[in-house]
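K.L.:
To start, I am sharing the structure in question, which I have written as structure tokens.
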Amino acid sequence: MPRPWSVAGLLVGYFCATMTCPPSAHAASNDVIWERGDQIVKLVRQDDDSAAANDHPASITRGEIKAMLETLRFRFADEDPGGVSVQVFTRTDIDNLGKAIATGLDRATPSQDLIFHVISARRLSSGAFARRNRVCAGRVFYRDGKLNIIFGQIQSPYRKKNLYGQISEDFYPRNYGSRTVATTHDVILLPNATVSLYQVGGDVRGDWIIMEAGVAPAASSQDDDSRLALAPTGAAVEAPAKPSTTSTTGNETASRTGDKSAMSSAADVEERLKALKQLRERGLISEDAYEAKMKDILQDL
């Protein structure tokens, strides 16, 4: 029979060994970067062992990531191509993903990707008023000076199974995108000056976008769900005409016109604030969207 002090020594030795051993590869490949409720950003192994290694770790700032995410837009596949475009991510999504993706890319190894899924209340179509929880999920990695995002889900339905009164796994399977199998979406991602669709073998992948880091234009931080109306894609906004200063009479006329414009603007702002408040009281917009839109309206004074 072993002596008590011998058993204690073995236990202490085992504890020290487990504490000093390096973490396993499996633990490193499932490193959670950010998690909030049923939303997550984490590191995983590349989905294709034959794929080229990523340029990780990559140092891209949170601001650069957010600027790139703000430029991502889509349109619903069953709508007019010249109609309204929609931001892929909401303001809250961009804030959360910006920091998490920047941190994850800095920690990642060449054989690791980042996967994410975020959940936001979104309109079911560009003209719809009611909102439902929708999921955006995908795979992120940095290679050849470009940020790659493969979308497995874009505004997909979000629903949990209810078994015996307990909420369990997702009703719809989560899809983080794949290098080898393209995902077909009900929406169409829109390329722009800094966003392009990935091409492989002459075929364009509608679920895979690439962006050059550091060159994304500054986009409005307003997402489509914080606005009461959206301008059509490509619509130009006419700058207000400057008042003439060629004569005293012209200055007086411009001053009177400016006063009327100011009064009209104040009345317009008041009406817009009332409408915005009614939307919030009826539960049709979130508190974050209400506060963001209110700030934007007040800036028009």
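FYI, it's all coordinate maths here, none of it is from the lab. Computed from a predicted structure; not experimentally measured. All Cβ positions, even for glycine, are placed from backbone atoms using ideal geometry, and neighbour counts span all protein chains on display.
K.L.:
Which order do peptides 182-193, 87-98 fall in by mean Cβ count within 10 Å, highest first?
P.N.:
The peptides rank, most packed first, as 87-98, 182-193.
K.L.:
Nearest 0.05, what FRET efficiency do ASP38 and GLU291 give at R0 = 25 Å with Cβ-Cβ as r?
P.N.:
0.55
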